[in-house]
Amino acid sequence: MKVCFFTNLLYTSRSNEFIKIISLKFAKTKATFCNIFWGYFMTIQRTFSIIKPDATRRNLTGAINSKIEASGLRIIAQKRIHMSDREAREFYAIHAERPFYNDLVSFMTSGPVVVQVLEGQNAITAYREVMGSTNPSEAADGTIRKEFAEGIEANSVHGSDSIENAAIEIAYFFTNEEIVG
Ligand code: CMP
């Protein structure tokens, strides 16, 4: 009887230990899974932004920056420049064959712009959501383009559309020393 009681106790304490080990392993697996999930869907990225001439002309830099910051993105580099014809042509070279290319270059060089580097969780998608659709008539309420854009060309802001383009566009306007993360 005594032996039996002892064995039961031993068994119970062993099974408790077993449960503890299993739950610990499960907790670790859960944490690893969460990290992978979090890392996959929520990565810190940098994106490139331009506040376009239609917006600087109407003194909207601060209002646009407020929307950017309210979304959780950080402005880690910023400068106000007047794009040259060559810079605008090179920057928008991907649209060179489009019928609106020359007008777009003229518009982008028609006044000062503010070029920026933004950083945050999934910054590329996050900023595109804050900007709204290219055509302001299709942009969602509360977005920059819905509130401020004048039209499909004078649409107040530009944001990179991919990680690769963000890196290229950032490097086109900023040196590493100018980016203060
Ligand atoms: P952006 O995000 O800077 O990228 C390319 C730009 O081209 C776009 O914003 C608009 O300003 C402009 N654009 C796109 N489609 C048209 C269009 N159909 N007509 C005129 N401009 C356009």
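Under a point-charge model restricted to the Cβ atoms of Lys and Arg (+1) and Asp and Glu (-1), what is the dipole moment magnitude of region 85-165 relative to its Cα centre, in debye to the nearest 20?
On the way: 6 positive and 14 negative charges, 8 e Å.
Charge dipole, region 85-165, about its Cα centre: 40 debye, nearest 20.
Suppose each label sits 7 Å from its Cα in the direction of the beta carbon; what would the ARG58-ILE163 distance come out to in nanometres?
That separation, rounded to one decimal, is 3.5 nm.
Considering only protein heavy atoms and a 1.4 Å probe, what is the carbon-and-sulfur percentage of the accessible area of region 54-181? Write down the numbers at each step before the final one.
Numbers: 3240 of 6710 Å².
Carbon plus sulfur share of accessible area: 48 percent.
Taking amide H positions as placed 1.01 Å from N in the peptide plane, with prolines and chain starts having none, which residues 5 or more places from VAL157, or on another chain, fall under 5 Å of its amide H?
LYS52
In Å², what does the accessible area per residue of region 121-181 work out to with a 1.4 Å probe?
On the way: 3200 Å² over 61 residues.
Result: 52 Å² per residue.
Please list 3J(HN,Hα) in residue order for region 160-167, calculated via the Karplus relation 6.51 cos²θ - 1.76 cosθ + 1.60 where θ = phi - 60°; whole Hz, with x for glycine and proline.
The phi angles translate into 4, 9, 7, 4, 4, 5, 4, 4 Hz.
Using the Karplus equation 6.51 cos²θ - 1.76 cosθ + 1.60 (θ = phi - 60°), what ³J(HN,Hα) coupling, rounded to whole Hz, does each residue of region 119-126 give in order, writing x for Gly and Pro?
10, x, 4, 6, 3, 5, 5, 4
With a probe of 1.4 Å, find how much accessible area region 48-112 has per residue, and write the answer as a whole number in Å². Mind dumping the intermediate values first?
Details: 3480 Å² over 65 residues.
Result: 54 Å² of accessible area for each residue.
What FRET efficiency comes out for the pair THR175/SER71, r = Cβ-Cβ distance, R0 = 30 Å, nearest 0.05?
Efficiency, rounded to the nearest 0.05: 0.70.
Taking a spot 7 Å from the Cα of ILE44 along the direction of its beta carbon, which residues of region 50-80 have an amide N less than 17 Å from it?
72-77
The values are calculated or read from the model by the stated rules, or taken from the named source; none is laboratory data. Fair warning: this is a prediction, and the values are worked out from it, not measured in the lab. Counting neighbours? That spans all protein chains shown, and the Cβs are built from the backbone with ideal geometry, glycine included. The protein model used for the area step is the full one, side chains on, heavy atoms only, and it has no ligands, DNA or RNA in it. Shrake-Rupley method; radii C 1.70, N 1.55, O 1.52, S 1.80 Å.
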